[in-house]
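Notes to accompany the following structure.
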Amino acid sequence: MHLISLMDMNIFRFFISIIDVARRYTGSRIEDETITLDFVKKMMDDFKNPKCLHRRYAYKIVLQIKKILKALPSLVDITVPHGKHITVCGDVHGQFYDLLNIFELNGLPSEENPYLFNGDFVDRGSFSLEVILTLFAFKCMSPSAIYLGRGNHESRRMNKKCGFEGEVRSKLNGGFVKLFAEVFCCLSLAHVINKKVFVVHGGLFSVDGVKLSDIRSINRFCEPPDEGLMHDLLWSDPQYLPGRGPSKRGYELFCFGEDVTKRFLKDNNLDLVVRSHESKRKGYEIQHDGKLITVFSAPNYCDQMGNRGAFIRFEAPDLKPKIVTFEAVVSIFHNLKSVMLYYELSL
């Protein structure tokens, strides 16, 4: 997939300029191309009711975030100053009211309270569009307030199969489907916090000897391939046995053991791997002799798993993980039928 060309971008901007906002529209508005905290707060309040964001402003958010994400490297280095902290969240999967609960428990994203969301923002939940627009808007408002890593569900194939494409068609229009797919191709693949904590959506690699420089050199501006380093980062899982073994997810996927984790950490002078990608009963799981933590932030996943959600706070300089767990939020607006409708619209 090729990224949207300059001509396409100009067409999108022209389209934005002629999209009429009806006088009766009472929702959030972006003035002078600037996304402010007041705008984001009102947008989240509108989403809670629930109300849709006007297409004009959704376009503006997505076009702004694309420019920001495209300029980032495939592996992003995050520096947390002494005495400051960062919060790492796992999969959210369209559970907007649980995302709001995270912000209620831990504060809104800001330069003083930064977050790293570790992929799988969309699919399976009823409010994937609300989740992704909220995260994108915070990133546009203050790029250092929130970091976004790509998950295996930030792909056209998964979005078509698991509901996000249908949700976009239902709430916005089909023109946004391609645009979101292009933006997802700009997401970074991994993050390193203070040169010690490696954060990735899936896990480690099918081969030994991978260095951080290899990740930095990945050309990520594409749909996820079926093999290679990018594929491994998005899809692999840890296992309790040493070495590597087959994955329950499919024949082309694999799992990696404690020895693989420790070799990777030693080779790259790192202390810890944080990954997501799997629902855990407590919202997290510590494996591989304490060298790997899975964090999952979608409680009661798919409305049936009964799991807790979790997030991790790291405070510099020691970066000792503080894990916070939480229960699912019950919303009167949640409707399982809408999820099934989005699946059907994606097909």
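For Lys196, the conditions (1) touching a Leu at 6+ places or on another chain (Cβ under 7 Å); (2) over 30 Å from Lys67 (Cα atoms); (3) of a type in the set (D, E, K, R) are fulfilled apart from (2). Filtered by the rule that a residue be surrounded by 17 or more Cβ atoms within 10 Å (Cβ to Cβ) and out of contact with any Gly (no Cβ under 9 Å at 6 or more places or on another chain), the range 25-46 gives Ser28, Ile30, Ile35, Phe39, Val40, Met44. On the stretch given as the range 128-156, residues that are among the small types (Gly, Ala, Ser), closer than 15 Å to Pro114 by Cβ and surrounded by 24 or more Cβ atoms within 10 Å (Cβ to Cβ) total 1.
Within the range 111-127, the set of residues being without any contact (Cβ under 8 Å) to a residue 40 or more places away in the chain and among the hydroxyl-bearing types (Ser, Thr, Tyr) comprises Tyr115 only. Identify the residue in the range 209-260 that is acidic (Asp, Glu) and surrounded by fewer than 18 Cβ atoms within 10 Å (Cβ to Cβ) and, among all such residues, is nearest to Leu187 (Cα to Cα). Selected residue: Glu223. Would you pick out the residues in the range 137-172 that are touching a helix residue (DSSP H, G or I) at 6+ places or on another chain (Cβ under 7 Å) and among the polar types (S, T, N, Q)? Within the range 137-172, Asn152, Ser155, Asn159, Ser170 meet the criteria.
Residues that are of a type in the set (S, T, N, Q) and at pLDDT below 95: does the range 293-313 have at least one? The answer is yes; a qualifying residue exists. Scanning the range 257-279 for residues that are free of Cβ contacts under 8 Å to residues at least 40 places away in the same chain and charged (D, E, K, R) returns Glu258, Asp259, Lys262, Lys266.
The values are calculated or read from the model by the stated rules, or taken from the named source; none is laboratory data. The structure presented is a predicted model; accordingly, all values stated were derived computationally and were not measured. We place every Cβ from the backbone using ideal geometry, glycine too, and count neighbours over all the protein chains shown.
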